[in-house]
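What follows is one structure encoded as structure tokens, with my remarks underneath.
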Amino acid sequence: MNKILPAFLSCQSTRLNDDEKRLFARYNPLGVCLFSKYCANTENAEQINSLIKDIKETVGRDNVLIAIDQEGGRVRRLTEPEFTSVVSQQEIETTQVAKQHAYLISHDLKKCGINVNFAPVLDTLYPQTSTALQSRCFKNNIAELASAMVDEYIKQGICPCIKHLPGHGRSEADPHLELPIINANLMEMKTDFAPFTALNDAPMGMVAHIILKAVDAKRASSVSSKVISEIIRGQIGFDGFLVSDAIMMNALHGSISERSQAVIAAGCDAVCLGNAGFAANVEVCESKIELSDAAEQRLERVWQIIQTPGEFSQYEYIKNKYCAALKNIISYNYNYDATEVLNRLRKV
């Protein structure tokens, strides 16, 4: 078998087409990230299971990482009525509810065959925090609430991915649209680093597309070897598997191939492509990026976690407790979805 391509690719429908099958079989991607276009609008989990089965059979590995953004609130790719209604992180204030939140999401992901959740968000909320991020942040007790979620995801066999390292909360810009710049000095940034330091033993983390001016004034954190080595791996002490934020975002420049190479060269373990067409998948595959030995070692823990079957016999009881604690909120209507904004811009 070919060496694993360190990338989360995208796919175009509820089944792989022939071109995708040939590409996936040839390049052996680490994983695939599913988006609402192909998940939330399906009638039931059976279709998603079928797609995932298709992906695994094509790649030829059972440990293909199938990832999704299922944070809660407006960032949830699996929606009602087929899937559990879950609130945004900003509405979660106790560790009990945080644990229930992760349990309910784990139940839905396991039902579909998804094994990685790009959550929870550990960014610190500020008055100037970008609209793209505001409701997605805990209001307080970030480390405590995030730790409860991370532990529960792992317990149920879902690999969590903490984000957005090294801390995105001070940025006013949306990286889907432009490159945010954070002007705070390192002493000020200690507040933002703290939740990530507290969870630096998490199995997976995602690097933000932000300029951390105090460390590297020219390169986004995701493509800055200085930020990754000195801050993320160094000061924060994160030693888990490190994934880039979606490289389709306008915060980065250059071809998809150049972005992929830059992310890996900077010290990320894998590229997350994002919601992209077939041509972008080809560019990532042909970019000659490779999985490092260190990344492969970090992957062992991820693969170990996703083998855990999970236990969901208390699903109805926990769902009722969760709804009661959150005043029986059943569905949500948010007017800002950054991914959809980016999709609309590309069509103009």
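The values are calculated or read from the model by the stated rules, or taken from the named source; none is laboratory data. Bear in mind that the values here come from a model prediction, so they are computed numbers and not experimental data. When we count neighbours, we look across all protein chains shown, and the Cβ atoms used for this are built from the backbone with ideal geometry, even at glycine.
Out of region 252-263, which residues are over 18 Å from SER10 (Cα atoms) and part of a helix (DSSP H, G or I)?
Result: ALA262, single match.
Considering region 216-234 alone, what residues qualify as being hydroxyl-bearing (Ser, Thr, Tyr) and either touching a Phe, Trp or Tyr at 6+ places or on another chain (Cβ under 8 Å) or part of a helix (DSSP H, G or I) (or both)?
Of everything in region 216-234, those that are hydroxyl-bearing (Ser, Thr, Tyr) and either touching a Phe, Trp or Tyr at 6+ places or on another chain (Cβ under 8 Å) or part of a helix (DSSP H, G or I) (or both) turn out to be SER221, SER222, SER225, SER229.
Does VAL223 satisfy the criteria of being closer than 22 Å to GLY254 by Cα, in contact (Cβ under 8 Å) with a residue 12 or more places away in the chain and crowded, with 19+ Cβ neighbours inside 10 Å?
yes
What are the residues in region 191-215 that are part of a helix (DSSP H, G or I), more than 19 Å from LEU133 (Cβ to Cβ) and not hydroxyl-bearing (Ser, Thr, Tyr), if any?
ALA198
Would you mind stating whether ALA294 is part of a helix (DSSP H, G or I) and at pLDDT 95 or above?
So ALA294 fits the description; yes.
I want to confirm something. Restricting to region 146-190 and keeping residues that are part of a loop (DSSP other than H, G, I, E, B) and touching a His at 6+ places or on another chain (Cβ under 8 Å), which single residue is surrounded by the fewest Cβ atoms within 10 Å (Cβ to Cβ)?
Within region 146-190, the match that is surrounded by the fewest Cβ atoms within 10 Å (Cβ to Cβ) is LEU179.
Can ALA98 be described as at pLDDT 95 or above, under 17 Å from ALA246 (Cβ atoms) and either crowded, with 19+ Cβ neighbours inside 10 Å or in contact with a Gly (Cβ under 7 Å, 6 or more places away or on another chain) (or both)?
Spelling it out, it is not the case that ALA98 is at pLDDT 95 or above, under 17 Å from ALA246 (Cβ atoms) and either crowded, with 19+ Cβ neighbours inside 10 Å or in contact with a Gly (Cβ under 7 Å, 6 or more places away or on another chain) (or both).
Out of all the residues in region 187-242, which are within 18 Å of ASP123 (Cα to Cα) and of a type in the set (Ser, Thr, Tyr)?
THR191, THR197, SER221, SER222
Which numbered condition trips up ALA246, out of (1) touching a Gly at 6+ places or on another chain (Cβ under 8 Å); (2) surrounded by fewer than 23 Cβ atoms within 10 Å (Cβ to Cβ); (3) among the small types (Gly, Ala, Ser)?
(2)
Does any residue of region 125-139 turn out to be basic (Lys, Arg), assigned to a loop (DSSP other than H, G, I, E, B), surrounded by fewer than 24 Cβ atoms within 10 Å (Cβ to Cβ) and free of Cβ contacts under 8 Å to residues at least 60 places away in the same chain?
Within region 125-139 (the criterion being basic (Lys, Arg), assigned to a loop (DSSP other than H, G, I, E, B), surrounded by fewer than 24 Cβ atoms within 10 Å (Cβ to Cβ) and free of Cβ contacts under 8 Å to residues at least 60 places away in the same chain), the answer is yes, since at least one residue qualifies.
Going by what's in this entry, would GLY274 be described as surrounded by fewer than 24 Cβ atoms within 10 Å (Cβ to Cβ), more than 19 Å from PRO175 (Cα to Cα) and under 18 Å from the mean Cα position of the chain (by Cα)?
no
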